[in-house]
Amino acid sequence: MSSDRLIIFDTTLRDGEQSPGASMTKDEKVRIARALERMAVDVIEAGFPIASTGDFESVQAVARAVKDSTVCGLARALDRDIDRAGEALKDAASARIHTFIATSPIHMKMKLRMEPDQVVEQAVKAVKQARKYTDNVEFSPEDAGRSELDFLCRVLEAVIDAGATTVNIPDTVGYNLPHQFGDLIRQLIERVPNSDKAVFSVHCHNDLGLAVANSLSSVLNGARQVECTINGLGERAGNASLEEVVMAVRTRRDIFSCDTRLDTTQIVPASRLVAGITGFAVQPNKAIVGANAFAHESGIHQDGVLKSRETYEIMRAQDVGWSDNRIVLGKHSGRNALRSRLEELGISFDSEEALNEAFTRFKALADKKHEIFDEDLQALVTEASLDAVNEHYKLVSLRVCSETGETPNADVTLNIDGKERSASAPGGGPVDAAFKAIEAIVDSGTCLQLYSVNNITSGTDSQGEVTVRLEKAGHIVNGQGADTDIVIASARAYINALNKLVKPQGREHPQLGDV
Ligand code: KIV
Ligand code: ZN
């Protein structure tokens, strides 16, 4: 089924969330899903519904929120998994069930303890079960990259016969090299007798840093769906990065005979959103979305770009969503100006109250910071969304004293379920003192795993965007906060993380189950 359309299947919310520490709440997943929908991603894998109640509810919420992309749920090749996925996706405008079972000798023998015949039988049964819920069914032979070719052909033929409309070939452990993986896809398409009845997809992991190269090589050999994640997030070294795959195919139209339907100007905002929510910062030299991706340091390069951009740039920064740091609004801008700029950024409000609330925050920010950029508006909306989470602990006040030759000290007052409590604490620095004062009140028993600060725009009056990762009894959460005062932003991020820990939820890992 070769076509000139390359389907983009984003798995940031599922495989991406399998990065240790990259946990996301239901609301955060819906926000990311909306950003992916705005980008016109074809399929959004929203989670693994059997894994936990939280996963189920997230898939259900994404299925209800998204209208223009297909929403997919993952399921092992087990009836109970598939039924749960079917239930979670019930309200989706367009739903897909993605079922998988391992096919490599090592996985079948050591993990599944099943004979190859049993694996084929179970795969077929799973696809038939999934077809009871939707006619859009994807099947993956897990660890295909280390499976035997003849056996893979046999499994794929059987599942396509059973009704699989997409067959996805995962290089689960990132073992393959580009020429080899491309060749595997070509041979599968040639040898599976009913290959024309399904879309061939690839899902590459980045253990050798080859996930994007392997995906592109597969596209050159007939794959018409690529599974990928924003910023290359994912299990271990991650998955193929969406932005790199999409921009490689678009930039090298001379080589690829297909293209995606994506609005690439949404790439940088989506990358920022995912980095902020997960706390996985983007390295400055990361292709497409890194801060230096379009920066020219050397004089020769700068001179060349000024004379003609194409001398050193193969893509336009605006085409992937880098804004030119235009001042968009200021102190005197009104409510309508704010609404229309947010709408241009793809952000709309469910009610007039929500807009009023955003406007109040905007005015407060404009008092502290005279020039408001798109990035500030995006952070402001993120901050507003945190209020819904910050129900249990609320920051009432924070006072920090930091002076040369003196130990910094923080005084904090929190509102805990309606009751105010205060504490003071010294610390190694102002942020440390603030966290210690919060802990003196809540005694959370958590362990701080990550603390990171990024400036949202340039200049010393820029807002600092802080991520705090806390762990308690194996449960990991990421908290966020933004403010022109980074100590306040830090305290907010810490309190946001504490609020997320109030209702912990366990989950099962999709590749560790009994099948
Ligand atoms: O890496 C993998 O094999 C997977 C499957 C569930 C597709 O994530
Ligand atoms: Zn994977």
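The values are calculated or read from the model by the stated rules, or taken from the named source; none is laboratory data. Computed from a prediction, not measured in an experiment: that's the story for all the values here. Quick reminder, even Gly has a Cβ in these numbers, built from the backbone with ideal geometry, and neighbours come from all protein chains shown. When the accessible area is computed, the model is the full protein with side chains, heavy atoms only, and any ligands, DNA or RNA have been set aside. Shrake-Rupley method; radii C 1.70, N 1.55, O 1.52, S 1.80 Å.
Observations on the model:
- So Ser104, is it within 16 Å of the chain's Cα centre (by Cα) and hydroxyl-bearing (Ser, Thr, Tyr): no
- Residue list for region 320-338, restricted to those being surrounded by fewer than 16 Cβ atoms within 10 Å (Cβ to Cβ) and either small (Gly, Ala, Ser) or assigned to a helix (DSSP H, G or I) (or both): Gly330, Gly334, Arg335, Asn336, Ala337
- Every residue from region 193-241 that is open to solvent by 10 Å² or more (accessible area, probe 1.4 Å), in contact (Cβ under 8 Å) with a residue 40 or more places away in the chain, touching a Phe, Trp or Tyr at 6+ places or on another chain (Cβ under 9 Å) and of a type in the set (D, E, K, R): Arg224
Yes or no, residue by residue, for (1) over 15 Å from the mean Cα position of the chain (by Cα); (2) modelled with pLDDT under 90; (3) open to solvent by 50 Å² or more (accessible area, probe 1.4 Å):
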position	(1), (2), (3)
Glu243	no, no, no
Val274	no, no, no
Asn285	yes, no, yes
Met315	yes, no, no
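- Of Leu386, Leu395, Leu414, all but one fail to be within 29 Å of Leu273 (Cα to Cα) and under 25 Å from the mean Cα position of the chain (by Cα); the exception is Leu386.
- Output for region 348-380, where each listed residue is open to solvent by less than 30 Å² (accessible area, probe 1.4 Å) and aliphatic (A, V, I, L, M): Leu355, Ala358, Leu365, Ala366, Ile372, Leu377, Ala379, Leu380
- Residue in region 164-185 that is within 15 Å of ligand 2 (Cβ to nearest atom) and either outside the structural domain of Leu112 (by TED's automatic domain parsing) or in a helix (DSSP H, G or I) (or both) present: yes
- Listed by position, the strands (runs of 3 or more DSSP E) contained in region 1-104 that have at least 2 residues being open to solvent by 10 Å² or more (accessible area, probe 1.4 Å) and either in the same structural domain as Val199 (by TED's automatic domain parsing) or modelled with pLDDT under 95 (or both) are 95-102.
- Which numbered condition Phe181 fails, given (1) buried (at least 24 other Cβ atoms within 10 Å of the Cβ); (2) closer than 28 Å to Arg80 by Cα: (2)
- For region 142-155, a residue qualifies if it is in contact with a Leu (Cβ under 9 Å, 6 or more places away or on another chain) and either away from ligand 2 (no atom under 16 Å from the Cβ) or on the phi > 0 side of the Ramachandran plot (or both), and the qualifying residues are Leu149, Leu152, Cys153.
- On the stretch given as region 273-315, residues that are in contact with a strand residue (DSSP E or B) (Cβ under 7 Å, 6 or more places away or on another chain) and in a loop (DSSP other than H, G, I, E, B) total 2.
One line per residue, one yes/no per condition, for (1) among the acidic types (Asp, Glu); (2) in the same structural domain as Met39 (by TED's automatic domain parsing); (3) on the phi > 0 side of the Ramachandran plot:
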| residue | (1), (2), (3) |
| --- | --- |
| Val305 | no, no, no |
| Gly330 | no, no, no |
| Gly346 | no, no, yes |
| Leu355 | no, no, no |
| Phe362 | no, no, no |
| Lys368 | no, no, no |
| Glu371 | yes, no, no |
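- Only residues that are hydrophobic (A, V, I, L, M, F, W, C) and assigned to a strand (DSSP E or B) were counted across region 410-437, and they come to 6.
- Meets criteria (touching a Gly at 6+ places or on another chain (Cβ under 6 Å) and assigned to a loop (DSSP other than H, G, I, E, B)) for Asp254: no
- Extreme residue, farthest from ligand 2 (Cβ to nearest atom), among residues of region 251-269 that are open to solvent by 30 Å² or more (accessible area, probe 1.4 Å) and under 13 Å from Ile8 (Cα atoms): Asp263
- Filtered residue count, region 381-396, keeping only those that are out of contact with any Leu (no Cβ under 9 Å at 6 or more places or on another chain) and open to solvent by 50 Å² or more (accessible area, probe 1.4 Å): 3
- Here Phe139 passes the criteria (1) within 14 Å of ligand 2 (Cβ to nearest atom); (2) not in a helix (DSSP H, G or I) except the one numbered (1).
- For region 133-148, the candidate set comprises residues that are among the acidic types (Asp, Glu) and in contact with a strand residue (DSSP E or B) (Cβ under 9 Å, 6 or more places away or on another chain); within that set, the residue that is surrounded by the most Cβ atoms within 10 Å (Cβ to Cβ) is Glu138.
- Exactly one residue out of Thr172, Thr165, Thr134 is in contact (Cβ under 8 Å) with a residue 60 or more places away in the chain and of a type in the set (Val, Ile, Thr), and it is Thr172.
- Residue that is farthest from Pro141 (Cα to Cα) [pool: residues in region 219-250 that are more than 15 Å from ligand 2 (Cβ to nearest atom) and of a type in the set (Gly, Ala, Ser)]: Ala248
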